[in-house]
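The values are calculated or read from the model by the stated rules, or taken from the named source; none is laboratory data. Bear in mind that the values here come from a model prediction, so they are computed numbers and not experimental data. With ideal geometry, Cβ positions are generated from the backbone for all residues, glycine too; neighbour counts draw on all protein chains shown. Protein only, heavy atoms only, side chains kept; ligands, DNA and RNA dropped before computing areas. Shrake-Rupley method; radii C 1.70, N 1.55, O 1.52, S 1.80 Å.
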Amino acid sequence: MRACAQSVSPGLGGIELLQILGDGVVGGPESAPPLRDPGRLARWETGEWHYRITSGARSGQTEVESVASISKTARGETWKRTIGQESTLFIREVSGGGLVLPSQITHAYQALVYFEPPLSYLIAGLGPGESRSFDGRMDVYSVNNPALKWYTGRIRATTVYTGVYRVTTPAGTFRAALIKSEYQIDIFAVVSVKDTLYTFYAEGIGKVAEAEHRRIAAMGLFNSDTKVGKILMSYTPVSVPKRVEAPVQAP
């Protein structure tokens, strides 16, 4: 454990995708401890994060992401993270402090997606350079008619804790842990989706930058290749009113 805490992250010079974040955003590596408390690292509490889009069709625009607690669902989800108008993620905390993603809504397609087993969102205990992979199933339903199942696909997900780096954004300069997530989705051997994300988290702040490369190939239908970067502009915690109990009346 001590050796991991003192190790140094490798350089990121060969990762072209990070260039979409802009010049001077990602700095050099720093000492990288194991991921002990992912919830604290991601600041998993009610709040709003404002990001500037740095590439793609919406470059220069602002996107708001929010986290809010919800009543416990049948799949054990107690949090939701809303990512602009793109998607809503439903999150469950697991023993050891990790977070998993049992389901999400993709708003552009009005699709409700269930993952089995739940996707790993943040994994506790990973050391620098360590990774976890899993193969699972995804069932896709209509948001407007949850009884209507559209299709089933297979998903392979790999999560890598790449290390800690100095990240400079309009909101400040941070020591940020870098999580690389790769998803390979196949549907009926007709549609293939490859999604790669490099996400930087600063302890006590949450996500401070992210670069994503998504490739979709549908045989005989369409192909798309998009890269989207975002950097933190500001973070606003949202206070949750404390529950006030009615005073007990003396008999």
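Let me test this: with uniform point scatterers at the alpha carbons of region 44-86, what is the Debye-based log₁₀ I(q)/I(0) at q = 0.14, 0.15, 0.19, 0.23 1/Å?
Here the Debye-derived log intensity ratios amount to -0.42, -0.47, -0.63, -0.77.
Quick one: plug the Kirkwood hydrodynamic radius of region 113-192 (C-alpha pairs) into Stokes-Einstein at 10 °C, 1.306 mPa s, and report D in µm²/s.
106
Given Cβ point charges of +1 (Lys, Arg) and -1 (Asp, Glu) and nothing else, what value in debye, to the nearest 20, does the dipole of the chain about its Cα centre take?
Computed about the Cα centre, the dipole is about 240 debye.
Provide the per residue accessible area, probe 1.4 Å, for the chain, rounded to a whole number of square angstrom.
With all protein chains present, the chain gives 53 Å² per residue.
Can you compute the FRET efficiency between residue 45 and residue 87 using 1/(1 + (r/R0)^6), with r the Cβ-Cβ distance and R0 = 22 Å? Round to the nearest 0.05.
0.65
Sort out for me the Cα centre separation of region 187-219 from region 60-123, rounded to whole Å.
About 14 Å separates the Cα centre of region 187-219 from the one of region 60-123.
Output the direction-averaged projected area (hull surface divided by four) of the convex hull of the alpha-carbon atoms of region 111-246, in nm².
Orientation-averaged projected area of the Cα hull: 12.5 nm².
Starting from 0 in steps of 10 Å, tell me what percent of the Cα-Cα pairs of region 161-226 lands in each bin.
20, 37, 22, 16, 4
Give me the percent of the accessible area of the chain that comes from carbon and sulfur atoms, probe 1.4 Å, all protein chains in place.
Using a 1.4 Å probe with all protein chains present, the chain comes out at 53 percent carbon and sulfur.
Testing the spin-label approximation: label points 7 Å from Cα along Cα→Cβ at residue 238 and residue 215. State their distance in nm.
About 3.7 nm separates the two model spin labels.
Residue 31 to residue 151: extension gain in nm, 0.36 nm per residue of separation minus the Cα-Cα distance?
38.8 nm
Can you tell me which lysines have their Cα less than 16 Å from the Cα of residue 72? Leave out same-chain residues fewer than eight positions away.
Correct list for residue 72: 80.
Would you mind estimating how fast the chain diffuses translationally, via Stokes-Einstein at 4 °C and 1.567 mPa s with the Kirkwood radius over Cα pairs, in µm²/s?
Rounded, D is 67 µm²/s.
Mind checking Rg over Rh on region 7-113, alpha carbons, Kirkwood formula for Rh?
Rg divided by Rh gives 1.02.
Return the aspartates and glutamates within reach of residue 194: Cα separation strictly under 15 angstrom, same-chain partners fewer than 8 residues apart disregarded; answer none if there are no such residues.
Partners within reach: 135, 182, 186, 212, 225.
Below 8 Å between Cα atoms, with a sequence gap of 6+, how large is the relative contact order for the chain in percent?
Answer for the chain is 20 percent.
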